[in-house]
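J.: I am attaching a structure below and will ask some questions about it afterwards.
No lab work stands behind these numbers, since they all come straight from the coordinates. Source: prediction; values computed, not measured. Here the Cβ positions follow ideal geometry from the backbone for every residue, glycine too, while neighbour counts run over all protein chains shown.
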Amino acid sequence: MLLNAVRFGIPIALILVGFVLLFTTEGAIKWDGFAMCVGAGLSVALINVLFRFGARGDEERDAEEAARRFYSEHGHWPDEPPPR
């Protein structure tokens, strides 16, 4: 639960702050603050997505390694029936 709050909460909060700055301030800070906050929020969201892809790759590598160990011990792949 806390992980989802960090994963989605921080980018959403930054983007919302950017829109608040856009609609409530005047002058140059209006556009600079908007661009800074929305850009930071989108950057954090992209880093989260890239991290998730990397973590998924690690899980797939571990599963492949376990399947290879099973094959070397038993002579067949785990998802195939044993030879007769």
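J.: Which angle from 0 to 90°, rounded to the nearest 10, does the C-alpha axis of helix 28-74 make with the longest principal axis of the chain?
T.: 0 degrees
J.: If you don't mind, there's one more thing I want to ask. With each run of n ≥ 4 DSSP H residues scored as -39500 (n - 2.57), what mean residue ellipticity at 222 nm is computed for the chain after dividing by its residue count and rounding to the nearest 500 deg cm²/dmol?
T.: Roughly -26500 deg cm²/dmol at 222 nm, from the helical runs in the chain.
J.: For the chain, what is the Kirkwood hydrodynamic radius in Å, using each pair of distinct C-alpha atoms?
T.: The answer is 16.3 Å.
J.: Helix 10-24: angle to the longest alpha-carbon principal axis of the chain, degrees 0 to 90, nearest 10?
T.: Taking Cα atoms only, the helix is inclined about 20 degrees.
J.: Still on this structure, please answer the following. Under a crude label model (7 Å from the Cα following the beta-carbon direction), how far is ALA35 from ILE47 in nanometres?
T.: Computed distance between label sites ALA35 and ILE47 equals 2.1 nm.
J.: So, with +1 on the Cβ of K and R and -1 on the Cβ of D and E, and no other charges, what is the size of the charge dipole of the chain about its Cα centre, to the nearest 20 debye?
T.: Numbers: 8 positive and 11 negative charges, 41 e Å.
For the chain, the charge dipole is close to 200 debye.
J.: Over the chain, what is the relative contact order in percent, taking alpha-carbon pairs closer than 8 angstrom and at least six residues apart? Before the final figure, lay out each step's value.
T.: Numbers: 55 pairs, mean separation 18.9, N = 84.
With pairs under 8 Å counted, the relative contact order is 23 percent.
J.: Between GLU80 and ARG7, how many nm apart are label points set 7 Å from Cα along the C-beta direction?
T.: 3.5 nm
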